[in-house]
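Chemist: Pasting in a structure now, in structure tokens, and then I'll have a few things to ask.
The values are calculated or read from the model by the stated rules, or taken from the named source; none is laboratory data. Small disclaimer: the values here were computed from a predicted structure and weren't measured. Cβ placement follows ideal geometry from the backbone for every residue including glycine, while neighbour counts extend to all protein chains displayed.
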Amino acid sequence: MNKLLMVAYHFPPLAGSSGIQRTLRFVQQLPQFGWQPQVLTAHPRAYERCDVSLLADVPADVPVLRAQAWDTARHLALGGRYLGAWARPDRWASWRFDAVRQGMAWIRRERPRAIWSTYPIATAQRIGAELAQRSGLPWIADFRDPMAQDGYPADPRTWESFRAIEALAFERAAACIFTTAGAERLYRERYPNTRARLLTIENGYDEDSFARAEAAPGERGPLIPGCLTLLHSGIVYPSERDPTQLMAALRQLLDQGRIRPGQLRLRFRAPVHGDLILQLATAQGVQEFVEVQPPLPYQQALAEMLRADALLVMQNSNCNDQVPAKLYEYLRARRPILALTDPAGDTAAVLRRSGVRTIAHLEDPAAIAAQTSVLLQGLHENPQALCADEAAVLSASRLARSRALAELLDSLPI
């Protein structure tokens, strides 16, 4: 069995990030294809919130190294202020030092064939690069999102540090992986001499997790009997998933008599920015249609998706080269989907390939109102017509993604 050192900040017991699932399912499934992972991650103190339930999904035979790490904003600030250099490229920059020490000790002892690291958290790519340079092992850099973008990060020095780490990856990595075709296209244009080393391995869903959610004892049927529930599960970013125009669209529907209180509820599960959502809803006078709910353990969150009348995905045009990882779980939930996203972006492209047509631009309240009306009518007449095609659902399994990663690893020179 070939050994692989996997560097990932997002790993159990961290809670609140769908990015955990990519690394966790690779860790579970790669042994089926001849690769034994070892995980190098951060000490749990670095996490703002933990969920120990996902620890049970980490295979017992997978060693997990937890390097010392601190969150600069929480642990190294004085009076709420801290040196910017301590949070560059990110607030977990301190993770690098012990991670490199522990990683090199493990490399010398276990002699893995390769190193894999995943962004976001830029420090993870920095660790992967340093371990590869010191050990001479091939390094695969995984980009769940594009790194240095126009206007992101906003701080010029942080942007420069992102760009430097990104350039290092494209110079030294044996392969760079992306989760969307748009991101791969962006980097093919930015680094044209590296095209042969770039490929896309999308995110996906874990069938075993859904099977457990479906079989678990608990409530069945609609989330709110007699009321259609549209569920958004996960973080609502103020810019990238701005709900302002969604609330304006609800106001339009209310004024036009197309919705009424008690008929429709938008449930935001663990949005982080719940206060913003409620403020926007109140400003439009549609607070009766909106609720914000706290986080749930992962299995319960999947069970909630399975019971929702429909699922809501939001992605603004500033993220056209990105697809929310949650979207693939939405596909597997086999529930109707309302997508508020730029029709020209990758999120819309994935949905159209999957047979989903209820798509409206997140910044266009009239289009949102129109597609919401289509959704509500379809929920009454033929909900199945609003769901993803079965072939698209089956093709989005994470097992297929793990096979693709193993094939890439097999192709690396020994």
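Chemist: Just to check your reading of the model, which residue among GLN28, GLN21 is outside the structural domain of ALA301 (by TED's automatic domain parsing), closer than 22 Å to GLU329 by Cα and touching a Gly at 6+ places or on another chain (Cβ under 9 Å)? Please lay out each step first, then the result.
Modeler: Working: GLN28 fails: touching a Gly at 6+ places or on another chain (Cβ under 9 Å).
So the residue among GLN28, GLN21 that is outside the structural domain of ALA301 (by TED's automatic domain parsing), closer than 22 Å to GLU329 by Cα and touching a Gly at 6+ places or on another chain (Cβ under 9 Å) is GLN21.
Chemist: Taking the options ALA367, ALA333, ALA404, name whichever one is buried (at least 22 other Cβ atoms within 10 Å of the Cβ) and at pLDDT 95 or above.
Modeler: Numbers: ALA367 fails: buried (at least 22 other Cβ atoms within 10 Å of the Cβ); ALA404 fails: buried (at least 22 other Cβ atoms within 10 Å of the Cβ).
Just a single option satisfies the conditions, and that option is ALA333.
Chemist: Having 3 or more residues that are of a type in the set (Ser, Thr, Tyr), surrounded by 22 or more Cβ atoms within 10 Å (Cβ to Cβ) and at pLDDT 95 or above is the bar; report the strands (runs of 3 or more DSSP E) wholly within the stretch 1-105 that clear it.
Modeler: Details: elements: 2-7, 35-42, 64-67.
Result: empty, no element qualifies.
Chemist: Here's a check for you: in the stretch 113-129, which residue that is in a strand (DSSP E or B) and within 20 Å of the chain's Cα centre (by Cα) is nearest to ASP145 (Cα to Cα)?
Modeler: Here is the first cut: in the stretch 113-129, the ones in a strand (DSSP E or B) are 114-119.
With within 20 Å of the chain's Cα centre (by Cα) added as a condition, the list becomes 116-119.
Values: TRP116: 16, SER117: 13, THR118: 10, TYR119: 7 Å.
Of everything passing the filter in the stretch 113-129, TYR119 is nearest to ASP145 (Cα to Cα).
Chemist: Would you confirm whether any residue within the stretch 167-180 is out of contact with any Lys or Arg (no Cβ under 8 Å at 6 or more places or on another chain), buried (at least 21 other Cβ atoms within 10 Å of the Cβ) and among the small types (Gly, Ala, Ser)?
Modeler: Yes, because at least one residue in the stretch 167-180 is out of contact with any Lys or Arg (no Cβ under 8 Å at 6 or more places or on another chain), buried (at least 21 other Cβ atoms within 10 Å of the Cβ) and among the small types (Gly, Ala, Ser).
Chemist: Filter the stretch 207-233 for residues that are among the small types (Gly, Ala, Ser) and surrounded by fewer than 14 Cβ atoms within 10 Å (Cβ to Cβ) and give the result.
Modeler: Taking the stretch 207-233 and keeping what is among the small types (Gly, Ala, Ser), we get 209, 211, 213, 215-216, 218, 221, 226, 233.
ALA211, ALA215, ALA216, GLY218, GLY221, GLY226 - these are the residues of the stretch 207-233 that are among the small types (Gly, Ala, Ser) and surrounded by fewer than 14 Cβ atoms within 10 Å (Cβ to Cβ).
Chemist: Those residues that are among the polar types (S, T, N, Q) and in contact with a Leu (Cβ under 9 Å, 6 or more places away or on another chain), I need them from the stretch 386-409; list them, please.
Modeler: SER402
Chemist: Kindly evaluate ALA99 against the criterion of being small (Gly, Ala, Ser) and out of contact with any strand residue (DSSP E or B) (no Cβ under 9 Å at 6 or more places or on another chain). First the steps, then the outcome.
Modeler: On the way: small (Gly, Ala, Ser): yes; out of contact with any strand residue (DSSP E or B) (no Cβ under 9 Å at 6 or more places or on another chain): no.
It is false that ALA99 is small (Gly, Ala, Ser) and out of contact with any strand residue (DSSP E or B) (no Cβ under 9 Å at 6 or more places or on another chain).
Chemist: Here's a follow-up. Taking the stretch 165-188 as the region of interest, how many residues are closer than 24 Å to SER239 by Cβ and out of contact with any Pro (no Cβ under 7 Å at 6 or more places or on another chain)?
Modeler: So the first thing to find is which residues in the stretch 165-188 are closer than 24 Å to SER239 by Cβ, and the list is 165-166, 178-187.
Filter again for out of contact with any Pro (no Cβ under 7 Å at 6 or more places or on another chain), leaving 166, 178-182, 184-185, 187.
Residues meeting the conditions: 9.
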